[in-house]
Amino acid sequence: MKQALTDVCLAALLSMAIPAGAAFAQDTTPPPKFELADVHASKPTETEFNLFRNGGSVELRGGTMLDLIEAAYRVHENEVIGGPGWLNTDRFDISAKAPPAASEDQIQLMLQALLLDRFKLTIRREERPLPAFLLTVGDRGPKLKKSSGKGAPDCTTGGGQEMVTATCQNMPMDQFTGRLRIMAGGYFNGPLIDRTGLKDAYDFTLSWTGRGLLTKNSGVSLFDAVDKQLGLKIEAQPQPTPVIVVDSVNQKPTDNPPGSTRVLPPPPTEFEVASVRVSKLTQPGAERVLQSGRIDLQGLTLKDLITTAYDIDDERLVGAPKWMDTDRFDIAAKTQPGVPLDALIVMLQKLLEERFKLAVHREDQPVTVFALTPGKRAAKLKESSGRDRSECKLSIGDAGRTYTCTNTTMAQFVTRVRQVAGGYLGAHSVVDLTGLKGSYDFALTWAPIGRFNSTRSGDAAPSAGAAAADPTGDLTVFEAVDKFLGLKLAEQKYPMSVVVIDHVDRTPAEN
């Protein structure tokens, strides 16, 4: 459900992108500028970067400077080099007004001009070698059957828990690289580029072991599968790539011009129209949030809706009756196009209050969390110089997942590790109780949770002591934190803000 509400934000960001070549084109024409723009630091929040456009109104919420550069120049974060340590931590909100007829290309150039004007951002463009993978023909030639040419190019995936099988029909190699990059994303930390020189379309089947289940002693790697089954090769080979190098940028934006705080009208607090009905579905259904302002949610439990509306995990919802896990509802609602995510959340809260007579209050209660605490030995952490950008990058290899962090505090680490080790941590929050205040450079490696699934029953995340002393030498994320950082990550009770249900009706009010 939360993902559905953010899909519209991603779509808006992609719709504003200009062709990559245009982002690096040389043009001496003065760039267009927003008529007015309000720029200020974001309030502390867990909400990630969102971008919205509605006519001449443009809003960017919760964006780091790295996010803003990505949006302004249509580059991936790996293609932004350098910058101060705060580039990926400090967050900003931008509300801007452009002419209603401004094109998407012009909006993008306006954002570039705004970053220069308000943050004094200066960049230079270079080419640098970045990670990439090349698909080429193997030494013995391709093992591919030419397609009859009937039907659109397509690849479908199937198979059991351990093996993935892709069945491709009428598939040219230049399209296959894009499909494979998605189907087997765990194997790649850069683009997959077709260098086979093959121009025909082919029918073939390819089977491999998912990266999370591949071990040194078992499984079929994607690279071996492509070699033996297709007669092709995939090799890692850095490729010259256009990048943006950040030379300088101010941490604090210049003051807003008079009147700029009234750039955008206040967002609506209620849906224009909304229908809430008991769903005929017994399993989760579809969730759609469209840029047109239409919302279509089908087959969701009231617990799903409440946790989304108040941005909490299931365990931080207190007093929910059992029927909230089983009864399902459909919601169809309409609001203005381009409404920000936080406004949608407010509207959803009000809708639940009106239709289900929902009444709640917040308080602190002990809940189960994963706490990062000092270990039995001294911490194995290297103080950062503070010059590098604060960030953590995940790489996946045969040994498992390696998470490399630079200029990172433990408070930042507990937030980031949940995003990459969710299989172990489940819905629990992760909190920093180490007492460490510095920034550090470190790396840790653990095995994907899929490697331990055969030793567990059910889908629950393992406890902090589960799968210890694995005969393959694989480490859980808990063991990795102990081994590489000298810290302890374990479950415990900790006071957290919870939402307590005071009253809720099982049957929604009539539309």
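Listed conditions (1) under 25 Å from G426 (Cα atoms); (2) surrounded by 14 or more Cβ atoms within 10 Å (Cβ to Cβ) are all met by R288, apart from (2).
Going residue by residue through region 349-356, is there one that turns out to be outside any strand (DSSP E or B) and either touching a Gly at 6+ places or on another chain (Cβ under 7 Å) or within 21 Å of F49 (Cβ to Cβ) (or both)? Checking region 349-356: not a single residue is outside any strand (DSSP E or B) and either touching a Gly at 6+ places or on another chain (Cβ under 7 Å) or within 21 Å of F49 (Cβ to Cβ) (or both).
Of a type in the set (V, I, T) and part of a helix (DSSP H, G or I): does that describe V431? Spelling it out, it is not the case that V431 is of a type in the set (V, I, T) and part of a helix (DSSP H, G or I). Applying the criterion of being assigned to a loop (DSSP other than H, G, I, E, B) and crowded, with 16+ Cβ neighbours inside 10 Å to the residues of region 254-266, the residue that is nearest to the chain's Cα centre (by Cα) is L264.
Residues that are loosely packed, with under 12 Cβ neighbours inside 10 Å and farther than 30 Å from P448 by Cβ do occur in region 229-250.
On the stretch given as region 360-387, residues that are more than 20 Å from T415 (Cα to Cα) and either crowded, with 17+ Cβ neighbours inside 10 Å or of a type in the set (G, A, S) (or both) total 3.
Would you check if L115 is at pLDDT 95 or above and crowded, with 16+ Cβ neighbours inside 10 Å?
Values: at pLDDT 95 or above: yes; crowded, with 16+ Cβ neighbours inside 10 Å: yes.
Taking the combined requirement at face value, the residue satisfies it.
The lone criterion from (1) free of Cβ contacts under 8 Å to residues at least 60 places away in the same chain; (2) closer than 30 Å to A72 by Cβ; (3) crowded, with 19+ Cβ neighbours inside 10 Å left unmet by M173 is number (2). If you go through region 270-308 and pick out every residue that is touching a helix residue (DSSP H, G or I) at 6+ places or on another chain (Cβ under 6 Å), in a loop (DSSP other than H, G, I, E, B) and modelled with pLDDT under 90, you end up with 1.
Name the residue that is farthest from S248 (Cα to Cα), counting only residues in region 85-104 that are assigned to a helix (DSSP H, G or I) and modelled with pLDDT of 90 or more. Give the steps one after another, and end with the answer.
First, pick out the residues of region 85-104 that are assigned to a helix (DSSP H, G or I): 85-88, 104.
From the residues that got through so far, the ones that are modelled with pLDDT of 90 or more too are 85-88.
Numbers: G85: 12, W86: 12, L87: 11, N88: 14 Å.
Step by step, filter region 85-104, then rank; the result is N88.
The values are calculated or read from the model by the stated rules, or taken from the named source; none is laboratory data. Because the structure is predicted, anything quoted here is derived from the model rather than measured. A quick note on method: Cβ atoms are made from the backbone with ideal geometry, for glycine too, and the neighbour counts reach across all protein chains shown.
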